[in-house]
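What follows is a set of notes on a single structure, which appears directly below.
The values are calculated or read from the model by the stated rules, or taken from the named source; none is laboratory data. From a predicted model like this one, the values you see are computed outputs, not experimental measurements. Don't worry about glycine lacking a Cβ; one is built from the backbone with ideal geometry, like all the others, and counts go over all protein chains shown.
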Amino acid sequence: MDEKFGEVNIIGNKQAASNVIENNVPKKGKRIISKDAKIAILGMIVIFFAFIGIMVSLKNIYCGIEGFINKASQKEKFEKYILPVAMFDPVPFDSPQNADKFYLLQSAIWAAFMNNGKNKYIDEEYDRLIVPASDVDVSISMLFGKNINIKHQTFGDGYMNNYIYDENTKTYIVPILDRVGIYKPKVKNILKDGDRYTLIVGYVRPDDIRQIYMGKKDKDPKPEKYMKYELKKVEKAYNILKIKDSQIEHWTN
C-alpha cells in the first residue's frame, strides 16, 4: 500500500513539474518583448515621424523661397521686356493692328537699341543713333507679332524729337536724348493661363527713379497709374496683344 502511494506521488510530482516547465517555455513563433524594449521602439517611431515632419517643413520653406525668387526674377524679366513699350505711355489698344503705327515704330526702334547693345548703333561724332530698319522689323515682330506690317518713314514723337528714316541706307537716325520716355514699368502681378500672361503694370516716373538712387525717396515709389498688359508667348518672344486701363490702385503679390 505504501509502495503504491509513493509511486503515485512521484508520478504526480513529475506531471506538476512538467506543467510548470511547459507554462514557462514560450510557445514556438511567439516572442516576449520587455517593457523597456516597447518604450525604445515607440521612441524610435516618434523620432522617425518627427524627422519626416522636419524634412517636409524644410522642403516647403525652400520651395517658398525659391518661388518668391523665381517670381521676382520673372517680374524683372517682364519689366525689361516691356520697357520700350511702356516708357512712352501708349494709348490703350485691343490689338496691335489698331494701335498707332508711329508708336509701334518708336517702341521697336528703342527695343532694338536696348536689346542689341549701345555700341552697335551709337554715332558719337553726331550724338545720334543709327538703327537699321531690318532690326526694327525684328523688334516689331518680337513685341507685336509677325502679322504687323508697317511702312518705314520719318515721324515725330510729339516732343520735338524726329525719327528720320533714310531711304538710301534703310536706317533710322535718332537723336541721343538725356531723357527718354515718360515712365518706367513696375510689374505688380503676373497671371498665367497656358501660353498667355496678364501683367498688372505700375507706371513710375523716371524722376522718382533718379531720386531713389540719390537716396531722396523711398525704394518702393507709388506708381502714378496702373495698366493691364496681355501677352502671348510665341517661341522665345512675348507678343503684346492688348494694353488696357486698370483701376487697381494697390496690388499686393
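When you check Ile190 against the structure, is it touching a strand residue (DSSP E or B) at 6+ places or on another chain (Cβ under 7 Å), over 30 Å from Arg128 (Cα atoms) and modelled with pLDDT of 90 or more, yes or no? Considered against the rule, which asks whether it is touching a strand residue (DSSP E or B) at 6+ places or on another chain (Cβ under 7 Å), over 30 Å from Arg128 (Cα atoms) and modelled with pLDDT of 90 or more, Ile190 comes out as yes. Looking across segment 93-120 at every residue that is assigned to a loop (DSSP other than H, G, I, E, B) and free of Cβ contacts under 8 Å to residues at least 12 places away in the same chain, the one that is surrounded by the fewest Cβ atoms within 10 Å (Cβ to Cβ) is identified as Gly117. Among the criteria (1) outside any loop (DSSP other than H, G, I, E, B); (2) within 29 Å of the chain's Cα centre (by Cα); (3) in contact (Cβ under 8 Å) with a residue 40 or more places away in the chain, the one Ile130 does not fulfil is (2).
A single member of Pro90, Pro84 is closer than 20 Å to Lys228 by Cα, part of a helix (DSSP H, G or I) and touching a helix residue (DSSP H, G or I) at 6+ places or on another chain (Cβ under 6 Å), and it is Pro84. Residues in segment 222-234 that are over 18 Å from the mean Cα position of the chain (by Cα) and over 20 Å from Asp100 (Cα atoms): Lys222, Pro223, Glu224, Lys225, Tyr226.
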